[in-house]
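K.L.:
Pasting a structure here, questions to come.
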Amino acid sequence: MPKATETLLEIDLNALDTNYKYLTSKLKPETKVLAVVKAFGYGSDSVVIAKELAALGTDYFAVAYANEGETLRNASIETPILVLHPLPVNFEIIVDRCLEPSIYSRKMLEEFIVFAEGKKQKEYPIHLKFNTGLNRLGFVEKDLDFIVETLSKTQSVKVKSAFSHLAASEDLKLKEFTTGQIEDFRKISEELIAKLEYKPLLHCANTSGIINYPQAHFDMVRTGIGLYGYGNDPAENKHLKPVGTLKTVISQIHTVQKDESIGYNRGFVAGKTTRSATLPIGHADGIPRSYGKGKGWVTIKGKKAHILGNVCMDMIMVDVTDIDCHEGDEAIVFGPSSTAEELSAAINSISYELITAVSQRVKRVICRK
């Protein structure tokens, strides 16, 4: 790729292909793959990502909300789409665009059935979410009789899958907890199948579940962060390639004398003569203020240039005192050589938060490196 001349996010589809093939190499041939493309494809471009993954053979997509699924349908993506957090106000969009809702509570089940019957639906696919320890959304085991009895009274819906979500599959110190979740889900699933008298797809493994818990693969696995190049483990990250590279450029370079300040509220006061580079990227683009005052950095000419003072809405200033650089030179915020995982750790955060925060005003450039 030519060097950046403005702030942009490069989306490397070859890296996506590599990650998909690595993760699926962990699976049995018959295990289906659900790719999570919520939050604009983890901050990249959900349509571009979904089209590439569909070409690779992905069986299912998952989004958080109905409007994200509608975006994919508007781009002529026909692969089944699971909506992980539907709300009753979105039922019209869900059915109109052939999206498949996660049903996670008694109220949600009853309300969706009423809606589906009103639309004269027959065996509309739904997915039952069970809570096995994350305690966020989901039915519990004692809801099984209610679920089956309610379903027996209608032909408007049919269970396409039953699933749960692992809370700590990346943390092997919590292996006993995760194993307990998997076994709880297995038990609930067996009871559900016996009561339904047919077998829906079963899934509970996320990216770290794919890697660490093969017994949790069941009929299908869900992968999100791994597709985008982060495996929640240094050893696994060696096999994965970050899909997104956030780049910007040096707009101007200043020489700041001792006791002079930089930025709002004099966030940095020079203790010596300092060379400062101003970059056209700020907290409106996804660089939190918490990276200010030296906690965050960009990479210029292979060297770290730490942020000076406070992060502005549209700009940051970085220390280039010891870097031989010029106005117009490229700066890397994160990418394969300086990862989002490393940068996010500087503020006790995680790669997910940094990559999904990239503003939609940042230009996306699709490439194959």
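The values are calculated or read from the model by the stated rules, or taken from the named source; none is laboratory data. A quick note: this is a predicted structure, and the numbers were derived from the prediction, not measured. Cβ: placed from backbone, ideal geometry, glycine included. Neighbour counts: every protein chain shown. What goes into the accessible areas is simple: the full protein's heavy atoms, side chains included, and nothing from ligands, DNA or RNA. Shrake-Rupley method; radii C 1.70, N 1.55, O 1.52, S 1.80 Å.
K.L.:
Restricting the search to region 333-356, which residues are over 17 Å from Gly226 (Cα atoms), open to solvent by 10 Å² or more (accessible area, probe 1.4 Å) and among the hydrophobic types (A, V, I, L, M, F, W, C)?
P.N.:
Ala345, Ala346, Ile347
K.L.:
Suppose the filter is at pLDDT 95 or above and either out of contact with any strand residue (DSSP E or B) (no Cβ under 7 Å at 6 or more places or on another chain) or surrounded by fewer than 17 Cβ atoms within 10 Å (Cβ to Cβ) (or both); does Lys129 pass it?
P.N.:
no
K.L.:
Which ones in region 95-110 are within 21 Å of Ile49 (Cα to Cα) and in contact with a Gly (Cβ under 8 Å, 6 or more places away or on another chain)?
P.N.:
Selection gives Arg97, Leu99.
K.L.:
Still on this structure, I have one more. Within region 69-85, can you find the residues that are touching a residue at least 24 places away in the same chain (Cβ under 8 Å) and surrounded by 23 or more Cβ atoms within 10 Å (Cβ to Cβ)?
P.N.:
Selection gives Gly69, Leu72, Leu82.
K.L.:
Counting just the residues of region 321-360 that are in contact (Cβ under 8 Å) with a residue 12 or more places away in the chain and assigned to a helix (DSSP H, G or I), which one comes out farthest from Gly43 (Cα to Cα)?
P.N.:
Leu343
K.L.:
If you go through region 1-30, how many residues are more than 16 Å from the chain's Cα centre (by Cα), assigned to a helix (DSSP H, G or I) and of a type in the set (S, T, N, Q)?
P.N.:
Selection size over region 1-30: 3.
K.L.:
While we're looking at this one, here's another question. Is there a residue in region 90-111 that is open to solvent by 60 Å² or more (accessible area, probe 1.4 Å), free of Cβ contacts under 8 Å to residues at least 40 places away in the same chain and among the β-branched types (Val, Ile, Thr)?
P.N.:
no
K.L.:
Could you check Ile210 against (1) open to solvent by 10 Å² or more (accessible area, probe 1.4 Å); (2) in a helix (DSSP H, G or I); (3) more than 27 Å from Asp145 (Cα to Cα) and say which number it fails?
P.N.:
Result: Ile210 fails condition (1) only.
K.L.:
Looking at Glu197, Glu176, Glu183, Glu190, which one is of a type in the set (D, E, K, R), open to solvent by 50 Å² or more (accessible area, probe 1.4 Å) and at pLDDT below 95?
P.N.:
One residue alone meets the criteria, Glu197.
K.L.:
Among the residues of region 249-279 satisfying the criterion of being outside any loop (DSSP other than H, G, I, E, B) and of a type in the set (Gly, Ala, Ser), which is most open to solvent (accessible area, probe 1.4 Å)?
P.N.:
Ser261
K.L.:
Looking at Ile188, Ile193, Ile182, which is the one that is outside any strand (DSSP E or B), free of Cβ contacts under 8 Å to residues at least 60 places away in the same chain, within 21 Å of Ile103 (Cα to Cα) and in contact with a strand residue (DSSP E or B) (Cβ under 8 Å, 6 or more places away or on another chain)?
P.N.:
Ile188
K.L.:
In addition: Does Lys304 satisfy the criteria of being surrounded by fewer than 19 Cβ atoms within 10 Å (Cβ to Cβ) and not in a loop (DSSP other than H, G, I, E, B)?
P.N.:
Against the criterion (surrounded by fewer than 19 Cβ atoms within 10 Å (Cβ to Cβ) and not in a loop (DSSP other than H, G, I, E, B)), Lys304 qualifies.
K.L.:
Can you tell me which residue among Val114, Val157 is open to solvent by 80 Å² or more (accessible area, probe 1.4 Å), under 21 Å from Leu84 (Cα atoms) and among the aliphatic types (A, V, I, L, M)?
P.N.:
Going through Val114, Val157 in turn, the sole match is Val114.
K.L.:
Still on this model: Can you say whether Val318 is in contact with a Leu (Cβ under 7 Å, 6 or more places away or on another chain), open to solvent by less than 70 Å² (accessible area, probe 1.4 Å), more than 28 Å from Lys238 (Cβ to Cβ) and without any contact (Cβ under 8 Å) to a residue 60 or more places away in the chain, as far as the supplied structure shows?
P.N.:
Spelling it out, Val318 is indeed in contact with a Leu (Cβ under 7 Å, 6 or more places away or on another chain), open to solvent by less than 70 Å² (accessible area, probe 1.4 Å), more than 28 Å from Lys238 (Cβ to Cβ) and without any contact (Cβ under 8 Å) to a residue 60 or more places away in the chain.
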